[in-house]
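Before any comments, here is the structure.
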Amino acid sequence: MTTLVFGHKSPDTDSTGSPIIWAWYLSEVKGTAAEPVLLGEPNTEAAFMLARWNLDKPRIVAGVEAGTPVVIVDTNNPAELPEGINDTDIQAIIDHHKLVGGLETKGPIDIRIEPLACTATIMRKMIGDDLAKAPEGVKGAMLSCILSDTLEFRSPTTTDEDRAVAEALAADLGIDIPGYAAEMFAAKSDVSAFSEAELLRMDSKTYEVGGKTFRVSVLETTSPGTVLSRKDALVAAMPTVAEEDGADQVLLFVVDILREESTLLVPNDLVKQVAEKSFATVVGDADSVVLPGVVSRKKQIIPNLAL
């Protein structure tokens, strides 16, 4: 039976590229039939990566049948995975996020979780010398994942390992990192085709804080004004998105990649309380607040959320 390799729902570049990388490795190096799949439509940056490196878009699946062998990458959170994930045959987990708990396996499995900025960096270490066999597209996906997750090394999650792997891949591929990263971020910033609800769900994860469930959404862009010009419509869509997704509130952080800061929309007193308790700021009567230096959901937003 073919092993399915997938990341989290609302797939970003890492959750699109890493399944492609690992499915190639399993199929072509390890001799295990594997297929990369997605749990939703890839975002604009991930779509750019696929086109740039002539990679086929993985099949999108709504669920996974019980007993199917799977490898989970770029997450270990059941809330970000298909319903019934514990009924599948989980073979391995490769991730760079904190351990959440809740996954159950049918037997001992391989788990690799490291405090690196990107799942693809971990995969590079695991693949080792066999990466020399990889086609250009697989290497391009690996480079794209790392540049995306590190915001071209601007994110505080960036490690020396992430940078070294990215620079080696870029040299091998003949890629100028600043130029290529600029193309990626421009693609990520083009959100004109998306509705407000789609923007709120584009890069979003659910967390519980102080008895409340928050959908924490991040939009990374080199053109924050484009997103913030839709502020009123985004705020109006938040209650519907929260209700449909089983959350109490949506928290939207618009990350300015170049200025290295976030703007948090503040639609009500609950979000105002979260902003002031979490980030030592004063909101007052404003409908948004700028958070200097805050660019990483994993390292700077989620750990600090408080009520």
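Where a number appears in this text, it was derived from the coordinates with a stated rule and is not lab data. Fair warning: this is a prediction, and the values are worked out from it, not measured in the lab. Here the Cβ positions follow ideal geometry from the backbone for every residue, glycine too, while neighbour counts run over all protein chains shown.
Structure data summary
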item: Potential extension, D160-K30 segment - 0.36 nm per residue separation minus Cα distance; result: 43.9 nm
item: For the stretch 202-219, Karplus couplings with θ = phi - 60° (6.51, -1.76, 1.60), whole Hz, Gly/Pro x; result: 4, 9, 9, 9, 9, 9, 9, 9, x, x, 10, 9, 10, 9, 8, 9, 10, 10
item: Estimated D of the stretch 159-261 in µm² per second, where Rh is the Kirkwood radius over Cα pairs and Stokes-Einstein applies at 4 °C, 1.567 mPa s; result: 84 µm²/s
item: Leading residue at positive end of dipole, the chain (Cβ point charges), from L131, T226, L99; result: L99
item: Spacing of the two label points (7 Å from each Cα toward its C-beta) at K106 and T206, in nm; result: 2.6 nm
item: The stretch 33-74 - Debye-derived log10 I(q)/I(0), Cα point model, q = 0.20, 0.21, 0.31 Å⁻¹; result: -0.73, -0.79, -1.24
item: The stretch 204-262 and the stretch 1-70: distance between their alpha carbon centers, rounded to Å; result: 26 Å
item: Point-to-point label distance, L258-R52, nm (Cα→Cβ direction, 7 Å offset); result: 1.7 nm
item: Nonlocal amide H pairs with E261, under 5 Å, H built at 1.01 Å; result: D256, G293
item: Average Cα contact separation per residue, the chain, under 8 Å, 6 or more apart, as relative contact order %; result: 13 percent
item: In Hz, Karplus ³J(HN,Hα) per residue of the stretch 38-46 (6.51, -1.76, 1.60; θ = phi - 60°; x = Gly, Pro); result: 10, 9, x, 6, x, 6, 5, 5, 5
item: Neighbourhood net charge (10 Å Cβ-Cβ; Lys/Arg +1, Asp/Glu -1) for P303; result: +4
item: Residue among S278, A120, W22 farthest towards the positive dipole end of the chain, charges placed on Cβ; result: S278
item: Kirkwood Rh, Cα atoms: Rg over Rh of the stretch 1-140; result: 0.93
item: Cα-Cα separations in the chain greater than 38 Å, expressed as whole percent; result: 11 percent
item: Cα-centred dipole magnitude for the stretch 1-124, charges only on beta-carbon of K, R (+1) and D, E (-1), debye, nearest 20; result: 260 debye
item: Straight-distance crosslink candidates among aspartates and glutamates, where the alpha carbon sits under 19 Å from K98 and sequence neighbours closer than 8 are dropped; result: D12, D14, D74, E80, D110, E114, D149, E161, D162, D203, E208
item: A34 long-range amide H proximity, modeled H, under 5 Å; result: T3, S27
item: Inter-label distance, nm, simple model (7 Å from Cα along the C-beta direction), V290/D89; result: 5.5 nm
item: Charge dipole magnitude, Cβ of K and R +1, D and E -1 - the chain, Cα centre, debye nearest 20; result: 280 debye
item: Amide H within-cut-off set for L251, under 5 Å, with H built and near neighbours excluded; result: R215, V216, S217
item: Efficiency of FRET from Cβ geometry, A193 and D232, R₀ 25 Å, rounded to 0.05; result: 0.80
item: Reachable lysines from K231, criterion Cα separation under 25 angstrom, eight or more residues apart if same chain; result: K9, K188, K205, K212, K272, K277, K298
item: Using alpha carbons only: equivalent-ellipsoid semi-axes of the stretch 71-137, gyration tensor based, whole Å; result: 24, 14, 11
